[in-house]
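The values are calculated or read from the model by the stated rules, or taken from the named source; none is laboratory data. Model, not experiment: these values are computed from the prediction. Cβ atoms come from the backbone with ideal geometry, glycine included; neighbour counts cover every protein chain shown. For the accessible areas, the whole protein counts, side chains as well, though only heavy atoms, and no ligand, DNA or RNA atoms are used. Shrake-Rupley method; radii C 1.70, N 1.55, O 1.52, S 1.80 Å.
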Amino acid sequence: MESIKHLIRDIPDFPKKGIIFKDITPILGDPAAMARITGAFEQTLEPLKPTRIVGIESRGFLFGGVLAAAMNLPFSPVRKPGKLPYDKISVSYSLEYGEGTLEMHTDGVTRGERAVVIDDLLATGGTAAAACQLVEKLGAQVVALGFVIELGFLGGRQKLPGRQIVSLVTI
Ligand code: AMP
């Protein structure tokens, strides 16, 4: 997966001063890279027998949606507040640049399901931990989390103790 590193563009001071934003739009513009990412996730996750892919807004939709279709699994979105139209549950969390809330439809997962949570990037881990809480509140299991990029120096894994984490590129 080293081969996708050159498709991750550093944008200094976005969206706030001091943050180096990892822009993944060059990956989206490269279908071969998207296929390699999807294939790598699929190979690692298949043995865990997931029944659903849960994607975190918004870049988790891009990688999670493609992966769900490739694995022939249903996809469910975890979204920022006020975006989901149906009955939902919420969890509050802290992230690298601010505070927030995430929501999921009450029928986003079914009790007993084996969900994989996908996002583009693991930073401090707050967002991913909140997504796990949503899935588990609804009685499903998180069998793994998948990230295209992990910012290892931020120690996000510490917020996800005991969880199976698949990250394709660690920076
Ligand atoms: P965190 O909760 O700190 O792990 O933040 C993860 C979420 O924020 C993911 O949805 C990322 O897309 C986004 N994010 C955090 N830091 C960055 C960054 N440096 N570059 C791009 N996205 C980021």
Potential lengthening between ILE89 and THR51 on full extension [0.36 nm per residue; Cα-Cα distance subtracted]: 11.6 nm
Estimated inter-spin distance, ARG111 and GLN43, nm [label 7 Å along Cα→Cβ]: 3.9 nm
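Given a 1.4 Å probe, how much area per residue of the chain is accessible, in Å²?
Working: 8050 Å² over 171 residues.
That works out to 47 Å² per residue.
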Solvent exposure, largest accessible area first (probe 1.4 Å, DNA, RNA and ligands not counted), of TYR93, TYR86: TYR86, TYR93
Amide H contacts under 5 Å for SER167, placed H, 5+ residues apart: PHE147
Max mean-square fluctuation residue, GNM over the chain, Cα-Cα springs under 10 Å, options VAL116, VAL78, VAL91: VAL91
Paramagnetic reach from MET1 (point 7 Å along Cα→Cβ, amide N under 13 Å) across segment 97-120: 118-120
Vicinal HN-Hα couplings computed from phi for segment 8-17 (Karplus, 6.51 cos²θ - 1.76 cosθ + 1.60; Hz; Gly/Pro x): 9, 9, 7, 10, x, 6, 10, x, 9, 4
Centroid-to-centroid separation of segment 108-171 and segment 43-84 [C-alpha atoms, Å]: 11 Å
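In debye, nearest 20: dipole of segment 2-170 around its Cα centre with unit charges on the Cβ of K, R (+) and D, E (-)? Could you put the intermediate results ahead of the total?
Working: 19 positive and 18 negative charges, 45 e Å.
Its charge dipole is roughly 220 debye.
Rank THR38, THR106, THR170 by accessible area, highest first, at a 1.4 Å probe radius? Please report the intermediate quantities before stating the final value.
Working: THR38 15, THR106 55, THR170 80 Å².
The ordering from most to least exposed comes out as THR170, THR106, THR38.
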Under 5 Å, built H, 5+ apart or other chain: amide partners of VAL54: SER76, VAL116, VAL117, ILE118
Where only alpha carbons of segment 85-171 are counted, the Rg and the Dmax (Å): 12.8, 38
For segment 2-170, fraction of C-alpha pairs farther apart than 29 Å, in %: 14 percent
Integer Hz, Karplus 6.51/-1.76/1.60 couplings in order for segment 82-93, x for Gly and Pro: x, 9, 8, x, 9, 4, 8, 10, 10, 9, 9, 7
For VAL142, residues with placed amide H under 5 Å, excluding near neighbours: ALA115
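At a 1.4 Å probe, what is the % contribution of carbon and sulfur to the accessible area of the chain? Write out the running numbers ahead of the final one.
Values: 4240 of 8050 Å².
In the chain, the share of accessible area belonging to carbon and sulfur is 53 percent.
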Summed side-chain charge close to ALA40 - residues other than ALA40 whose Cβ falls under 13 Å, Lys, Arg +1, Asp, Glu -1: -2
